[in-house]
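Down below is the structure, laid out as structure tokens.
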Amino acid sequence: MSIVRESDLIGIGKKYQIETDAGDNMVVVIHDDGRRELYRHEDEDNETHCVMTLSDEESRQVAGILGGLSYKPKALETIEVALDDLRIEWYKVGESNDGVNKSIGQLEVRQRTGASIIAAIREDETIINPGPDYVITPGTTLVIAGKQKNIKLLKEILL
């Protein structure tokens, strides 16, 4: 696990210093206006160099990419991420699932299960936070968030 140090930058925003498992040192500065700056710390000259500046929207796009919302490596297809009680799972919808060709609203996903569908991925298209009108089709991978019991209920509805 990487080491992250957080500090306030008065009048600017927040600074995060990250030392990765690979030994890289990175600094992320989040400005109060939404901009993000990425810096790389070079050990040999003890200086940090700005690598790039991203807008708020660009930062969120990159976060989705890095977080695996648009592409998940084959080796991680069944991975679960556990954060205290919160779990995030990827579920690929099959042809014969009962939830196929029904909308999230028709299935009353949140009301019946307490889980949330936070993304729907199909081929090259990723829909983040699909609404109640989103129709679940075969072959779609759903990114589901909730407690373990809630995710189990959602899978039962989809089966």
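Coordinate-derived values only; no laboratory data. The model shown is predicted, which means the values in this text are computed figures rather than measured ones. Methodologically, a virtual Cβ is constructed for each residue, glycine included, from the backbone with ideal geometry; neighbour enumeration extends over all protein chains shown.
Over segment 120-159, what is the mean sequence separation of C-alpha contacts under 8 Å (at least six apart), divided by residue count, expressed as relative contact order in percent?
On the way: 20 pairs, mean separation 14.9, N = 40.
It rounds to 37 percent for segment 120-159.
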For this session: Please give, to one decimal in nm, the separation of the simple spin-label points placed at Lys149 and Asn101, each 7 Å out from Cα toward the Cβ.
Result: 3.5
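Just order 16-24, 31-39 by mean Cβ neighbour count inside 10 Å, highest at the front, would you?
Details: 16-24: 11.6, 31-39: 14.9.
Ranking, from highest mean packing down: 31-39, 16-24.
Does segment 89-150 classify as rounded, prolate or oblate by the C-alpha gyration tensor (a ≥ b ≥ c root eigenvalues; a/c under 1.5 gives rounded; else a/b over b/c gives prolate, otherwise oblate)? Walk me through the intermediate numbers first.
Working: a/c = 1.41, a/b = 1.26, b/c = 1.12.
Since a/c stays below 1.5, the shape of segment 89-150 is classed as rounded.
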Seminar exercise, completed: Here the FRET efficiency for His49 versus Ile128, based on Cβ atoms and R0 = 41 Å and rounded to 0.05, is 0.80
Exercise. Length gain on complete extension for the stretch Asp24 to Arg5, per 0.36 nm per residue less the alpha carbon to alpha carbon distance?
Worked result: 5.4 nm
For this session: Excluding Gly114 itself, calculate the net charge of residues whose Cβ lies under 10 Å from the Cβ of Gly114, where each Lys or Arg counts +1 and each Asp or Glu counts -1.
Result: +4
